[in-house]
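Worksheet for the structure shown next.
The values are calculated or read from the model by the stated rules, or taken from the named source; none is laboratory data. The structure displayed is predicted, hence computed values, not measured ones. When we count neighbours, we look across all protein chains shown, and the Cβ atoms used for this are built from the backbone with ideal geometry, even at glycine.
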Amino acid sequence: MKLVVKIFQICIVILLGYQNGAFAKAIATPLATDSLIVLHFQTNDSLVYIREDFDTILSNHPEFLFEETFAPTLCYHLQRDMEFSSEAGQDNYCMLYSYFLMKVNGEQKYAAQRKRLFQLFSKINELFALIEQGGTYFGHQHKRLLAEVEYAIYLMPKDENELRKTYAIDKQKQLYIQGLRQLVADDTANNNGIEPQWKLSQIKRLNKVIDSIHQLITDNFSLRRAQYFQSNYYEYY
């Protein structure tokens, strides 16, 4: 299976992707024997496949049928396709996971929730990228979090009858946000790589990101997913 680099081939492709936070539908209209599948994602990344290669993905990865649905990290480590063995390959796997699970969840039905979760996870990734002053991990994670977003949509209670905990989470949310602010204060104060005169501005910058996280957590479910996402991918010792 080869990722196609040249996309100007004999086909007309109407792009699939996020438009104003919602997925648009994809149509690839072949003009000859070959056609391309072009997938665009909210991260501004794209995947381009020859249709034959795209079909091969489904043949080699029955987990993308989601007859049973497992967390994306577990799915990735259970598969053995060498196509996805690199860091970039894992990025592509997670993006494909999100694409196929979105088909199961429904493209338009949960567009608003999908957009909010994407923003929430992106801000958490941004926060820890700033704390660590960058690194390739966070660039890869920005692509991979698409899979976590779609898995969260899959787990999300779909109606009021599925809600088990409906009480107010204001205090829990406050404690979570306070914990992030304290982490920022402690880490910045003890980071010898930041000049003393810049530490206050760094704390202000990081707290602005935390303000966004605070606004994006609106209920018990989003709080739990934020905590889960942070604890799974941003461990500190």
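Remarks
- Residue count, the range 190-220 (criterion: under 16 Å from the mean Cα position of the chain (by Cα) and either over 16 Å from GLY179 (Cα atoms) or not assigned by TED's automatic domain parsing to the domain that holds HIS142 (or both)): 1
- Options GLU150, GLU107, GLU126: the member that is of a type in the set (Asp, Glu) and crowded, with 18+ Cβ neighbours inside 10 Å: GLU150
- Hits in the range 105-138 - residues which are farther than 21 Å from SER231 by Cβ and either hydroxyl-bearing (Ser, Thr, Tyr) or touching a Ser or Thr at 6+ places or on another chain (Cβ under 8 Å) (or both): TYR110, THR136
- Residues that are hydrophobic (A, V, I, L, M, F, W, C), surrounded by 10 or more Cβ atoms within 10 Å (Cβ to Cβ) and in a loop (DSSP other than H, G, I, E, B) within the range 162-220 comprise LEU163, ILE169, ILE194, ILE217, listed in sequence order.
- Taking the range 221-233 as the range and being buried (at least 18 other Cβ atoms within 10 Å of the Cβ) and under 15 Å from the mean Cα position of the chain (by Cα) as the test, the residues that pass are SER222, ARG225, ALA226, PHE229, GLN230, TYR233.
- Residue count, the range 31-55 (criterion: in a loop (DSSP other than H, G, I, E, B) and either of a type in the set (Phe, Trp, Tyr) or touching a Pro at 6+ places or on another chain (Cβ under 6 Å) (or both)): 1
- Taking the listed residues LEU96, LEU78, LEU65, LEU145, the one that is in contact (Cβ under 8 Å) with a residue 60 or more places away in the chain and not aromatic (Phe, Trp, Tyr) is LEU145, with no other qualifying.
- Any hit, the range 132-142, residues being modelled with pLDDT of 95 or more and in contact with a Lys or Arg (Cβ under 7 Å, 6 or more places away or on another chain): no
- Where helices (runs of 4 or more DSSP H) fall wholly inside the range 56-141, the ranges with 1 or more residues that are within 30 Å of GLY193 (Cα to Cα) and among the charged types (D, E, K, R) are 87-105, 111-131.
- LEU36 vs. criteria buried (at least 16 other Cβ atoms within 10 Å of the Cβ), over 20 Å from the mean Cα position of the chain (by Cα) and of a type outside the set (Phe, Trp, Tyr): yes
- Residue match in the range 93-107 (condition: of a type in the set (Lys, Arg) and assigned by TED's automatic domain parsing to the domain that holds ASN207): no
- Residue that is farthest from GLY139 (Cα to Cα) [pool: residues in the range 66-123 that are polar (S, T, N, Q) and under 11 Å from the mean Cα position of the chain (by Cα)]: SER98
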